[in-house]
Amino acid sequence: MTTTTVHYRTPTGEVHSIEGTVGDSVMVTAVRNGVTGIVGQCGGNLSCATCHVYLAEDELPRYPEMDEMEDEMLDCTAADREDNSRLSCQLDLRAGEELHVTIPDAQQ
Amino acid sequence: MSGAERLLVVGAGQAAADLVTGLVEAGYPGRITVVGAEPHPPYQRPPLSKGYLDDGVAEVTLRAEHYYAEHGVHMMLGDPVVALTPGRDGSGTARCASGGVVEYDRLVLATGAVPRRPAELDGVAGVHVLRTIEDADGLRPELRPGRHLVVLGAGFVGLEVAAAARGLGCTVTVVEVADRILGRVLDPVLAEHVAGLHRADGITVHTGRTVAEWLIADGRVRGVRLGDGTEIGLDVLVLGIGAAPCTGPARSLGLRCDPGVLVDAGQVASDGHTLAIGDCADGPDRSPAGDPTRRVRLESVDHAASSARVAVATLLGREVPAVPPPWFWSDQGRVRIQVVGLPRPGDRAVLRRPGDADALVVGHFRHGQLVAVGAVNAPGDFMGLRKALTHRVPITPDELRDPQLRPAKLVAQRLRSRKSNAAT
Ligand SMILES: Cc1cc2nc3c(=O)[nH]c(=O)nc-3n(C[C@H](O)[C@H](O)[C@H](O)COP(=O)(O)OP(=O)(O)OC[C@H]3O[C@@H](n4cnc5c(N)ncnc54)[C@H](O)[C@@H]3O)c2cc1C
Ligand code: FES
């Protein structure tokens, strides 16, 4: 099983680096490992917006443009939306690409 | 009590996982043991009636097993609690099927619910309910193209299975006793809209029909005869007629149940000590403009999470937190339903047509105040209106109705001006 590392920065600045499975989402990797602050209530169905993260600016271009649904959901997240806001259930881990995300201070 | 409090959680599902996580994050000083009847660590059920039926690979586990070990949580899985013996002040002893005994100082019941199933169908092949991974694994190979699936009960789980099976190429018939689908939870106009979308996808939906007889041959269900005499032949029968809360352990302690374990605003049961959370617990109505003296049954991931959050506060002796308005979602093929709040008969229903023909939103107003929202294929509108309810941002019927107004924008504006007003 190929793995890669996701670095989760908490609102207070701590960083949790988690070895995740390629193909899993950033949300699932967080939930599995008990990373506080990423809830993922709907399990990645684009129904809850409790998996909001800020993705490192230089890693944004790795992913295709978000679809309309994610865009609309991001307008309603608990913490303010920023230019680098994404729903982490829509970000999959890829071989050889570490990720850096910051967790917002609220999800619901 | 000497040493750390020994906390026992009975049931290892969604609510138990949320409780354990909450306790770990809050630095709960006691020792936690979780006893679960199923052999799996807590997992998500929603995918079982959706993506999992399709590919069987959807990941459903919540926390990885190492999470519990790392935080000193003792998991005893595949070993149901068969008897509870009360001691003093909420303490007691649990006996498991294996003969194992667990002594506890404090108890949380998180036993969930089990699907209803008529006794005359016991042991009959071709009959399925859907609650566990094993249920889904048993149903999946039956849903082959061209086979005829009959779903009894047009609730959320039933309709999700119907839509998934249709997507897999089955012929699908849904039989509902009430005169409309999703009667318990959805506004009639919205429910009719959903029925229309399913019919357009080729699902046959019969409402107002009862099953008079099961047609069984050679130990396998072959059909049903309806109350009006119609016979429907079938290959697979799925029962989606609701779930009954698992209250055996609660009753053995003498706790009041009706039908779920009755709990107060802190999730505490009638003995004043034991807590109950998730699907097995009937708690006060905490919905917007709800009546907290009324007990409600909520079976949703959100309720598991909210009730667990409240229980964490109770166990730590902290003030009970405010919980956001109850909500849930249901994905039925291309039909995406989201509901927040608890609509009641007598509320004024206001329709919103967001433009897309498949989308429809209903706002429920009580004494002029928005109290609940149901949405089909309108996640953006839904999230905006849900945020309005969470933050008590007023929305008028005219604003809700106006397809040009985006709820998310309106709510953001009002929250901003509220903030700046508070600052001045
Ligand atoms: C097919 C399906 C689809 C769903 N889809 C959605 C959805 O889309 N959206 C949504 O919001 N909700 C959905 N739900 C509801 C949601 O999954 C439940 O509300 C949630 O799982 C409740 O969590 P719980 O912990 O209370 O119960 P459960 O998750 O059922 O866990 C209870 C556990 O306790 C165990 N137990 C029972 N008795 C004992 C005993 N005596 N000793 C030890 N263990 C015991 C049970 O075996 C079970 O493992 C769905 C449910 C199902 C079944
Ligand atoms: S987990 Fe629900 S939207 Fe991402």
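Read-outs: derived from the displayed coordinates by stated rules, not from any lab. Because the structure is a prediction, the values reported are computed rather than measured. Please note: Cβ atoms are built from the backbone with ideal geometry, for glycine as well, and neighbour counts cover all protein chains shown.
Computed over the protein assembly as shown, the alpha-carbon pair-distance distribution with 10 angstrom bins reads 4, 17, 27, 28, 18, 5, 0, 0, each value a whole percent. Among residues other than B:D105 with Cβ under 15 Å from its Cβ, the summed charge is 0 (Lys and Arg +1, Asp and Glu -1).
Taking label positions 7 Å along the Cα-Cβ direction at both B:A313 and B:H74, the computed distance is 3.0 nm, reported to one decimal. Using a cutoff of 8 angstrom between alpha carbon atoms and counting only pairs six or more residues apart, the relative contact order for chain A works out to 39 percent.
Taking other C-beta atoms within 10 Å as the exposure proxy, B:K50, B:K409 rank B:K409, B:K50 from fewest upward. Just to confirm a number: summing +1 for Lys and Arg and -1 for Asp and Glu over residues other than A:A95 whose beta-carbon lies under 14 angstrom from that of A:A95, what do you get? For residues surrounding A:A95, the net value is -3.
Note on the range A:3-102: Cα convex hull, mean projected area over all directions, 5.7 nm². If you take all other residues with their beta carbon under 10 Å from the beta carbon of B:D381, and give Lys and Arg +1 and Asp and Glu -1, the sum is +2. With viscosity 1.306 mPa s and temperature 10 °C, the Kirkwood radius over alpha carbon pairs of the range B:117-241 converts through Stokes-Einstein to a diffusion coefficient of 109 µm²/s.
Using only the C-alpha atoms, the convex hull of the range B:200-241 corresponds to 99 Å³ per residue. Taken over chain B, the ratio of Cα radius of gyration to 2.2 N^0.38 Å equals 1.04.
When the GluC sites (Glu not before Pro) in the range A:1-102 are filtered for DSSP coil states and for at most 10 other beta-carbon atoms within 10 Å of their beta-carbon, the remaining sites are A:E14, A:E65. Give the cross-link partners of B:K409 among the lysines, using a straight C-alpha distance below 30 Å as the criterion and excluding same-chain residues fewer than 8 apart. Correct list for B:K409: B:K387, B:K419.
Above 26 angstrom, tally the Cα pairs of the range B:51-205 and express them as a % of all pairs, no decimals. Summing the P(r) of the range B:51-205 above 26 Å gives 48 percent of all pairs. Neighbour counts of C-beta atoms inside 10 Å place B:V172, B:V24, B:V124 in the sequence B:V124, B:V24, B:V172, starting with the fewest.
With coordinates expressed along the principal axes, the C-alpha atoms belonging to the range B:343-423 extend over 41, 28, 18 Å, beginning with the largest.
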